[in-house]
Amino acid sequence: MKISRAAIRLPFIMSAALFLTGCLAPETINADITTEGYDYTLRVESTVADPRAVMAAAEGRLTEQDDEGARRMAANDADMPGFERFEYVGEGRFELVVNHAGTLEADRGVGFPNTRGGLRNDNYLRLERLDDGTIEISSPEIPAQNLAQHEELPFEPAGTVRITPAPTDRVLDHNADRSPAMLDRAYVWNVDSWEDRIFIKIVPQGQ
């Protein structure tokens, strides 16, 4: 069953220590998620951006002090679970590589970029074990009337998200651009707009 695509929400708060004056959003993203029961793996390569810093850079207002502060804050959060690389590359942008695995716990989500878990709206990709035992993997929604704010940003998200449930798990709902094929069991989303949203609901084996 497919559901309609909807917009995604900014900001995506990285952590309390990072970007107290800003937020991060994906400019490019290539993600590969697998699930087997409540176990998951999450592999992401992404360029994430602080929208306000990117806009300041485009207008020539980003200073060397701003850049240095961003480097320090990236260093402070480089020890997040599963972070293989988190580096400030200039003009408000960061290169981020995540390779993370674990088991979903009840009432506690995990995702990207905040692999420590937290509130529902603090991640672009969110893996969550719901009260009914199902698994939901999604990106946030925003009201349609707020979409214009996103379209004013000097970049749009671009990339691919692949989610591959185990053969023993059952998919209830999804809005993927491509469903599994004979030789590829992944559900695939092609992200090229702020309007694109990822959503899939999975019933693990035994539920």
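The values are calculated or read from the model by the stated rules, or taken from the named source; none is laboratory data. None of the values given here were measured: they were computed from a predicted structure. Cβ sites come from the backbone with ideal geometry, for glycine too, and all protein chains shown count toward neighbours. All accessible areas refer to the heavy atoms of the entire protein, side chains included, with ligands and DNA or RNA removed. Shrake-Rupley method; radii C 1.70, N 1.55, O 1.52, S 1.80 Å.
Share of carbon and sulfur in the accessible area of segment 105-206 stands at 45%, probe radius 1.4 Å.
Solvent exposure of segment 22-148, expressed per residue, is 46 Å² of accessible area, with all protein chains present and a 1.4 angstrom probe. Ordering L96, P154, A181 by Cα displacement along the dipole of segment 74-207 toward the positive end leaves A181 in first place; charges were set at the Cβ atoms of Lys, Arg (+1) and Asp, Glu (-1). Taking Lys and Arg as +1 and Asp and Glu as -1, the other residues whose beta-carbon sits under 15 Å from that of E45 total -1. For segment 68-103, which GluC sites (Glu not before Pro) are both in a DSSP coil and crowded by at most 14 other Cβ atoms within 10 Å? Nothing satisfies the criteria.
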